[in-house]
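Bear in mind these aren't lab numbers, they're just calculated from the coordinates by the rules spelled out. This one's a predicted model, so the numbers in the text were calculated from it and none came from an experiment. A quick note on method: Cβ atoms are made from the backbone with ideal geometry, for glycine too, and the neighbour counts reach across all protein chains shown.
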Amino acid sequence: MIIDVKYGKDGVQKVEIPDENYVGTFYPKDVECGDPDAVIGESIDNPIGYGSMEEFLEGGEDVVFIVNDGTRPTPTAKVLDALSKRMDLRKARYLIATGTHRDMTEEEYNFVFGSHYQELKDRIVCHDAKNSECVNLGTSKNGTPMEVNRIAVDADRLVIITSVEPHYFAGYTGGRKSFLPGVASFRTVETNHKLAMNKEAQSLVLEGNPVHEDMMDALEVVKGKEIFSIQMVLDRHQNIYRVASGALNPAFEKAVGWANEVFSVPIPEKADLVISVAPYPMDVDLYQSQKALDNGKWALKEGGKILMVSKCREGIGHATFLTQLSSSNDPVKVLENLRAEYKLGYHKAAKMAEIATWASIWAVTDLDPELLRNANITPFPTVADAVAEALGENPSARVIVLMDGSVTIPKVE
């Protein structure tokens with residue numbers, strides 16, 4: 001079987017996997033998608049918990065939209081297309097929910113805002129977790145200081161545009177995530193993400209997940225604020241499958257159900273080698289690409305090998321997590337070091353080190369091979385080289401390919 005493995009925005013690496021070794025290539029499920037403008041419009045015009053969006057916006061003096069940054073596949077531009085037929089987009093400001101990510105590139109601004117970018121350019125503010133003015137709204141049950149961007153706090157109407165898919169420690173993206181980490185201070189995000197070190201913080205899990213519970217607390221402190229959400233679930237081609245609009249939490253619950261329909265994928269067996277791809281734009285750096293490893297582990301046998309395929313276009317991302325991964329060639333020792341003192345990014349290292357305690361982590365990236373070796377990751381120049389190595393070591397190895405590893409959650413039937 002010859003497989004075309006996506007690499008970067010337009011690249012492809014071909015790899016041949018013998019039929020007797022090949023279990024299959026798994027994607028998020030194929031679902032039927034309608035016309036995006038119609039799907040979005042139908043949802044906006046029939047919101048949960050509100051009569052209409054027009055009614056929601058009525059009387060709003062300071063309308064703020066919170067939108068995802070360019071590292072997310074959220075088709076914000078398509079929502080703005082639909083909204084432009086229902087309101088004057090210039091009557092709102094647009095706050096980019098970067099969390100602790102960098103500011104966006106010009107290419108990313110054009111991706112997020114589409115044809116509306118030039119018209120709205122002077123209405124856009126990019127959240128900066130370290131420098132934006134944030135307001136302390138109290139403390140969560142878990143002890144997280146709730147510091148949120150003043151623009152969001154002062155707005156008398158908030159509109160959230162986001163997408164909902166599985167998230168490796170928050171359970172799912174979307175909904176409450178626009179506030180925390182979206183427009184929260186660095187201190188707030190760091191304290192919240194420390195909870196990701198807990199085993200209960202994992203994909204598809206909300207109940208008992210301390211990260212999710214902390215995020216819900218963040219919403220509690222802005223209770224009483226007028227919030228209208230537009231939450232999309234995409235298919236594997238990043239087309240819009242379903243949209244839930246209206247009150248934030250009920251819309252999020254509805255979107256979670258649709259996300260499970262798409263992203264929770266049955267597999268017939270676990271494999272000796274899992275090839276998990278972080279596709280564009282999730283391949284921005286190693287920090288973001290780690291999600292492909294965390295999802296891929298659910299398809300991997302103990303003692304197996306997981307191969308992350310990601311261009312890592314902008315390098316490492318947060319250097320702190322790589323420093324920790326490189327602190328010892330023993331992943332158990334790495335975990336001990338991480339538990340001693342937490343800094344933002346350590347949760348990523350912990351999730352990777354956990355995998356390394358029971359499996360081998362391999363990678364095909366554009367990163368310096370020596371840098372990966374120091375972090376207990378075995379580098380390969382191509383996917384074909386890695387597959388040849390795995391089959392050389394174990395000629396009967398079973399191989400699974402996850403072509404959208406960043407968002408595919410494999411589950412043995």
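Summary table below
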read-out: Cα-projected label distance for Arg90 with Glu341, points at 7 Å along beta-carbon direction, nm; value: 5.2
read-out: Local net charge near Pro279, Cβ-Cβ under 13 Å (Lys/Arg +1, Asp/Glu -1); value: +2
read-out: 5 angstrom amide H check on Val159, placed H, neighbours 5+ away; value: Val64, Phe65, Ile66, Phe228
read-out: Amide proton proximity set for His167, modelled H, under 5 Å, gap of 5+; value: Tyr172, Thr173, Leu204
read-out: Spin-label pair Tyr22/Gln238, simplified geometry with 7 Å Cα→Cβ offset, distance in nm; value: 2.6
read-out: Per-selection Rg to Rh, the stretch 352-407 - Cα, Kirkwood hydrodynamic radius; value: 0.96
read-out: Selection from Ala184, His237, Leu83, by position along the positive dipole direction of the chain (Cβ); value: Ala184
read-out: Glu207 paired with Asp366, simple spin-label distance in nm, labels 7 Å along Cα-to-beta-carbon; value: 4.5
read-out: Computed over the stretch 36-263: relative contact order in percent, which uses C-alpha pairs under 8 Å that are six or more apart; value: 23
read-out: Radius of gyration and maximum dimension Dmax of the stretch 1-153, Cα, Å; value: 20.6, 65
read-out: Value of [θ]222 nm, deg cm²/dmol, for the chain, DSSP H segments ≥ 4, -39500 (n - 2.57) each, nearest 500; value: -9000 deg cm²/dmol
read-out: Candidates Phe56, Phe179, Phe228: whichever shows maximal mean-square fluctuation once the chain is modelled as a Gaussian network with Cα springs under 10 Å; value: Phe56
read-out: Karplus-derived 3J(HN,Hα), 6.51/-1.76/1.60, for each residue of the stretch 165-178, Hz, glycine and proline x; value: 8, x, 10, 5, 10, 8, x, 8, 6, x, x, 4, 5, 5
read-out: Note, ³J(HN,Hα) from phi for the stretch 195-207, Karplus 6.51, -1.76, 1.60, rounded to Hz, x at Gly and Pro; value: 5, 5, 5, 6, 5, 6, 7, 8, 4, 6, 10, 10, 5
read-out: Karplus-derived HN-Hα couplings along the stretch 385-398 (A = 6.51, B = -1.76, C = 1.60, θ = phi - 60°), whole Hz, x at Gly and Pro; value: 5, 5, 5, 4, 5, 5, 6, x, 6, 9, x, 9, 4, 8
read-out: Summed side-chain charge close to Tyr7 - residues other than Tyr7 whose Cβ falls under 12 Å, Lys, Arg +1, Asp, Glu -1; value: +1
read-out: Cα-based Rg of the chain normalised by 2.2 N^0.38 Å, two decimals; value: 0.97
read-out: Inter-centroid distance (Cα atoms) of the stretch 248-318 relative to the stretch 219-246, Å; value: 21
read-out: Modelled FRET efficiency - R0 60 Å, Arg373 with Glu58, Cβ distances, 0.05 increments; value: 0.50
read-out: Percent of Cα-Cα distances greater than 25 Å, calculated over the stretch 36-263; value: 34
read-out: Length-normalised contact order of the chain in % [C-alpha pairs under 8 Å, at least 6 apart]; value: 20
